[in-house]
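A short worksheet on the structure shown next.
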Amino acid sequence: MDKMRGVISIAELTNDEIEEIFALADGAEKLRTERSASGRIMATLFYEPSTRTRLSFESAMQRLGGSVISCSDMRTSSAAKGETLADTAKVVSAYADVMVVRHNWDGAVRAMAEHADVPLINAGDGGHEHPTQTLCDLYTLRQEKGQLKGLTVVVCGDLKNGRTIHSLVFALARFGANVVTLAANGMELPQYVIERLELEYDYSMAPVSTDDLSAVMTETDALYLTPKQPHQLALFTQVDEVIQGHLNTIASGLRYDAFYMTRKQKERMKEGTTNGSYPTIGPEFLRAKRFQDTVVMHPLPRVDELSPELDKDRRGIYFKQAAYGVPVRMALLKFLFDRREGKAIKRKKKFSPVYQSRGAWTPVPQSKLRGPKGAVVDESTF
Ligand code: NCD
């Protein structure tokens, strides 16, 4: 993991690092008491709407004793005057110790990270990735099911445009969970995700019985990816006559540990392409014996994919999942600050500007003066 970069993709965190973050999240109360981020500042730059991600990051930072600066609406920031993302990243780097950015363009957060001098956290970039949601999702599954390895998770809905899905399937594959995909027609996983699963995680495709999943969706064809390692398995839905012919022959009777439902990402679709059937979880699912221990997750917001009946059922764990956003993000922030500090000791010193009022001025030690006129200090003092 590049210590300066923060987290742009879930691929930048190793499994061990994810476990380390989860161990910190388990002790979130201790992080709170210790005020682990006291004196630090987090900037949130959200170019797209958000409730959970933004507020849970802000709550996490405040619970760690740190503070938060933000633009309440990026349309009122200098972006509206034509400022580039690169310039914004450079400028905000001088105001904060970490930046949390959401943007509607795929890759925008990575581009900003190239120009930032502080770690950047991707809070969702277009239809691409949402790595911190994945941390919350994995943590929720681990809390509910004890471990990730060997679980079978059905990812459901708009798998094409849902960025939470793209980060999640890679992470599930890495932890040895079985990934079953049940896409709305025309919203299958993008080819690049499938290819990466095949190339990097050794998955291969095979058909599966749709009878198993008819409580959620009836009009669909299904396929699954069987890995060369026996513990990994993924199932894919596709609109394909040939595949349909193979259905019901293989892998019926799988144990499903979780359904991960997503909403249709209308904002990423061309008008006129948003109609058609969409999977839903409701009474039929709740009554099916096969799903009696299957938990239902959703990154939220939901629209009409989940029936309200599920809210009162022990298997509907999406509000818990949203609540874990705070301890998990507290843990991630603490992890990144610790990393950065560790590195700052070894790294060649780098200087960032500090602006202080005359009254508060304390002379910068001579040894630290390198830049123009002494208006610079070692970043390790942040
Ligand atoms: C998700 C997102 O923004 O990608 N929401 C979230 O962060 N919890 C899912 C969505 O908007 O559908």
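The values are calculated or read from the model by the stated rules, or taken from the named source; none is laboratory data. Since this is a predicted model, take the numbers as computed values, not measurements. Here the Cβ positions follow ideal geometry from the backbone for every residue, glycine too, while neighbour counts run over all protein chains shown. The accessibility values were calculated without ligands, DNA or RNA, using every heavy atom of the protein model including side chains. Shrake-Rupley method; radii C 1.70, N 1.55, O 1.52, S 1.80 Å.
Computed values, structure above
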item	result
Yes/no for Thr44 being β-branched (Val, Ile, Thr), farther than 30 Å from Gly146 by Cβ, under 16 Å from the mean Cα position of the chain (by Cα) and open to solvent by less than 50 Å² (accessible area, probe 1.4 Å)	yes
Residues within region 292-318 that are more than 14 Å from the ligand (Cβ to nearest atom), more than 16 Å from Leu141 (Cβ to Cβ) and hydrophobic (A, V, I, L, M, F, W, C), tallied	1
Contacts under 8 angstrom Cβ, first residue in region 16-34 being closer than 15 Å to Leu148 by Cα, partner charged (D, E, K, R), 6 or more apart	Phe22/Arg142
Qualifying residue in region 68-91 (condition: touching a residue at least 60 places away in the same chain (Cβ under 8 Å) and not basic (Lys, Arg))	no
Residue count for region 64-77, restricted to those that are surrounded by 17 or more Cβ atoms within 10 Å (Cβ to Cβ) and farther than 21 Å from Val328 by Cα	2
Candidate set from region 41-55 (those that are more than 9 Å from the ligand (Cβ to nearest atom) and of a type in the set (Ser, Thr, Tyr)); member that is farthest from Phe319 (Cα to Cα)	Tyr47
Test for Val118: is it of a type outside the set (S, T, N, Q) and farther than 29 Å from Met269 by Cβ	yes
Which numbered condition Ile21 fails, given (1) surrounded by fewer than 21 Cβ atoms within 10 Å (Cβ to Cβ); (2) part of a helix (DSSP H, G or I)	(1)
Residue in region 143-178 that is nearest to Leu13 (Cα to Cα), counting only those that are part of a loop (DSSP other than H, G, I, E, B) and under 15 Å from the mean Cα position of the chain (by Cα)	Gly162
Hey, Met61 open to solvent by less than 10 Å² (accessible area, probe 1.4 Å), within 16 Å of the chain's Cα centre (by Cα), away from the ligand (no atom under 16 Å from the Cβ) and touching a residue at least 24 places away in the same chain (Cβ under 8 Å) or not	no
Some residue of region 179-190 being closer than 19 Å to Glu17 by Cβ and either touching a residue at least 40 places away in the same chain (Cβ under 8 Å) or assigned to a helix (DSSP H, G or I) (or both)	no
Test: Thr274 is within 16 Å of the ligand (Cβ to nearest atom), at pLDDT below 85 and within 26 Å of the chain's Cα centre (by Cα)	yes
In region 187-205, the residues that are under 22 Å from Gly276 (Cα atoms) and either open to solvent by 50 Å² or more (accessible area, probe 1.4 Å) or touching a His at 6+ places or on another chain (Cβ under 9 Å) (or both)	Leu189, Pro190, Gln191
Residue within region 157-172 that is charged (D, E, K, R), open to solvent by 50 Å² or more (accessible area, probe 1.4 Å), out of contact with any strand residue (DSSP E or B) (no Cβ under 6 Å at 6 or more places or on another chain) and more than 16 Å from the ligand (Cβ to nearest atom) present	no
Lone qualifier among Val98, Val109 - being at pLDDT 95 or above, β-branched (Val, Ile, Thr), open to solvent by less than 10 Å² (accessible area, probe 1.4 Å) and away from the ligand (no atom under 16 Å from the Cβ)	Val98
In region 118-149, the residues that are farther than 27 Å from Ala28 by Cα and either open to solvent by 10 Å² or more (accessible area, probe 1.4 Å) or hydroxyl-bearing (Ser, Thr, Tyr) (or both)	Gly127, His128
